[in-house]
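To start, the structure under review is shown below, and the notes come after it.
What follows draws every value from the coordinates through simple rules; no lab data is involved. Only a predicted model underlies this, so the values are computations on that prediction, with no experimental measurement involved. Cβ placement follows ideal geometry from the backbone for every residue including glycine, while neighbour counts extend to all protein chains displayed.
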Amino acid sequence: MTVTKDGSPGSSVVAGPWPGSAEDADSPQDGQSSKETFWNISYSYPLRPFGGSIWVNLLSNGQESTLSLTANWRGRQEIGFYSGLLPADRSEAVRTLVQRSDFARHAHHGNIAPDTPYTSLGYNPSGEASEIEIFVSQPPAPVAAAMNAIEDLAEEIRKHAYLVIAGSAAWNQPRFRVGDALELTVTLRSVGEKAVTFDNPLGSTDPGWTSLRMRVAADKPDDKLDWEREVVQVDVARHDLLTVKRRLPKGQPRIELAPGKELQFIVRRKFHMSPGFYKAVITYHGSDDHDNLKVIGGALDMDLGRIEITP
């Protein structure tokens with residue numbers, strides 16, 4: 001698997017370089033060879049059942065480590081690519097944990113069934129392509145400790161947003177009457193260092209698909225829901241969207257937002273619902289583009305919270 005500057009997976013994990021990286025991985029420093037100087041650790045696992053993962057690539061000696069998120073992680077409504085320098089002492093501490101964990105010996109070495117979720121971990125002391133090991137069950141304590149330490153460093157990397165979309169959504173009123181169209185406002189904001197490009201819900205050329213999917217359910221824990229009777233999931237169509245601030249060029253399938261800029265629109269959709277309390281999530285499903293490093297894809301869940309339907 002590869003963690004690249006666009007945050008997309010590939011065939012192997014590499015050490016760079018990428019635009020904005022501090023150093024070229026092939027350039028030794030202080031008269032040392034790259035084998036003596038550079039190392040990398042790769043780590044990934046799925047964040048949601050149907051697409052969306054975390055990819056971490058830790059690099060040594062003045063190179064920017066990277067984090068790619070194609071779904072929400074640890075409660076934050078963001079997807080995108082992060083890149084930043086880490087404190088050398090913390091990186092080396094994690095490297096030591098990975099080395100001492102003997103993770104390759106504990107990995108799964110047989111076949112796995114299609115769609116089986118797994119965690120991958122790789123380490124290469126030369127900074128070249130890592131040999132990836134797969135874990136399909138809970139790893140032993142030393143390996144789990146190394147993975148937890150990697151995730152703590154990933155939080156540090158997340159302080160350095162490079163190409164990132166943040167999303168939020170809110171009901172336009174706290175309650176609606178039976179038969180009314182539900183109305184909410186969605187905001188997608190560029191919060192990284194560079195301008196970001198993503199699929200434009202308002203510019204969709206498919207009248208039935210705008211990269212948005214909405215789920216409304218009875219207000220109870222997911223494990224208590226009757227998914228056939230108490231959950232409704234719909235694709236948001238083009239006629240369900242209204243612009244708020246400005247009208248975008250017709251047929252513009254993607255939009256580029258400079259850092260700090262946002263795209264905001266209203267979703268207005270009818271649901272056949274009985275009186276009661278409900279919870280809802282609207283998800284932006286963006287496609288990526290391996291030919292354009294600025295395009296951010298993934299599944300961005302935006303929690304709408306609780307709403308009441310009255311008679």
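Neighbours of Arg306 by Cβ distance under 13 Å: Lys/Arg scored +1, Asp/Glu scored -1, total 0. With the simple spin-label model, which puts each label point 7 Å out from Cα in the Cβ direction, the Arg254 to Lys159 separation comes to 3.2 nm. Rounded to the nearest 0.05, the FRET efficiency derived from the C-beta distance between Ile134 and Arg268 at R0 = 41 Å is 0.35.
What translational diffusion coefficient, to the nearest whole µm²/s, does segment 34-159 have by Stokes-Einstein, given a Kirkwood radius computed over alpha-carbon pairs, a temperature of 4 °C and 1.567 mPa s viscosity? It diffuses with D of about 87 µm²/s by this estimate. Measuring nothing but alpha carbons in segment 163-310 and taking Rh as the Kirkwood radius, the Rg to Rh ratio lands at 0.99. Reducing segment 276-311 and segment 95-154 to their Cα centroids gives an inter-centroid distance of 30 Å.
Net length available on complete extension from Arg175 to Glu92 is 24.6 nm, with 0.36 nm assigned per residue and the Cα-Cα distance removed.
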